[in-house]
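In what follows, a structure is listed as structure tokens, so that the remarks can point back to it.
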Amino acid sequence: GNGQTAATGRLIRKIEEKCLRDCAMIMASSPEVAEALESQYSLSKVLSLYNTPPVTPIKSSRLPGFNIYWRNAVIGFGDRGLGDAFEAMTRLPQDIHLHLQGRPGVDGGAGIQREIVSRGLTGRVTIHPPYRPEEAVDQAARFQVGVCLEHRCHRNHELTVSNKIFDYHMAGLAIVTSDLPGLRHVIDSSRGGLPFEAGNVDDLTRQLRLLYDRPELLEEKSRNAREYAVTVGNLEHEMKTFTGEFARRVIARVGTSGS
């Protein structure tokens with residue numbers, strides 16, 4: 001992952017080599033992480049469970065127009081791709097707005113504000129304060145398009161899936177996401193959005209413009225996203241999978257051993 005030293009990586013691998021084979025049940029945050037663990041340590045049947053929200057009714061009304069939404073724990077430039085969104089905004093019609101949500105960086109958000117001004121985006125980029133976790137879906141539901149912009153820079157981004165993509169689905173947003181394997185798998189399954197080549201601003205702009213120019217496509221992706229969320233992309237579905245597998249793999253194993 002980002003910021004992990006080579007020494008830390010080696011230590012983690014040593015611990016995993018020693019401990020994982022003795023586990024009755026191993027869980028991973030995506031099918032891609034599960035496959036990587038199975039390959040790395042000759043494991044079988046690692047259980048993939050997504051970090052999904054509960055089935056949530058939508059209370060918020062959509063803002064009028066075409067509003068793009070990006071959220072992160074901290075609003076800042078880096079490998080989460082926010083800089084690509086700023087560049088894409090300079091190439092998109094003036095009535096498209098970008099909404100950011102999260103905590104300001106250590107500079108109090110000054111760098112973001114300077115970038116807004118320098119790119120001529122004043123009035124087109126809105127920064128929202130952080131939300132409580134239980135408000136995530138309702139906060140997202142105010143917008144039309146949710147974006148996941150992660151760069152192809154380390155295995156963490158390649159294999160994991162940002163939990164915001166599931167909140168976007170539950171909120172019924174059309175989604176534009178980097179084509180990294182973990183993210184691409186979700187969007188292909190849900191048919192709730194469009195992938196773009198990670199880090200390619202031209203491709204990102206093209207996909208956003210496609211949704212802007214084709215309201216019927218925007219509506220189709222929004223409808224598909226919400227349907228995916230309420231049927232399989234939710235906490236209740238993942239917990240049912242977890243409890244079933246836990247009973248089969250762990251409780252049954254303990255009962256058989258007599259301990």
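Brief remarks on what is shown
- Within segment 1-31, the set of residues being aliphatic (A, V, I, L, M), assigned to a loop (DSSP other than H, G, I, E, B) and under 28 Å from the mean Cα position of the chain (by Cα) comprises Met25, Ile26.
- Against the conditions (1) assigned to a strand (DSSP E or B); (2) within 17 Å of the chain's Cα centre (by Cα); (3) not basic (Lys, Arg), Asn67 satisfies every one except (2).
- Test: residue in segment 32-40 that is under 21 Å from the mean Cα position of the chain (by Cα), part of a loop (DSSP other than H, G, I, E, B) and under 24 Å from Leu194 (Cβ atoms): no
- Hey, Arg103 open to solvent by 60 Å² or more (accessible area, probe 1.4 Å) and not in a strand (DSSP E or B) or not: no
- Of Leu98, Leu82, Leu63, all but one fail to be touching a helix residue (DSSP H, G or I) at 6+ places or on another chain (Cβ under 6 Å), open to solvent by less than 80 Å² (accessible area, probe 1.4 Å) and not polar (S, T, N, Q); the exception is Leu98.
- Taking the numbered list (1) modelled with pLDDT of 95 or more; (2) surrounded by fewer than 14 Cβ atoms within 10 Å (Cβ to Cβ); (3) assigned to a loop (DSSP other than H, G, I, E, B); (4) of a type in the set (A, V, I, L, M) in turn, Leu121 passes all entries but (2).
The values are calculated or read from the model by the stated rules, or taken from the named source; none is laboratory data. These figures come from a predicted structure and were not determined experimentally. Neighbour counts run over all protein chains shown; Cβ positions are idealised from the backbone, glycine included. Heads up: the accessible areas ignore ligands, DNA and RNA and are worked out on the full protein's heavy atoms, side chains in. Shrake-Rupley method; radii C 1.70, N 1.55, O 1.52, S 1.80 Å.
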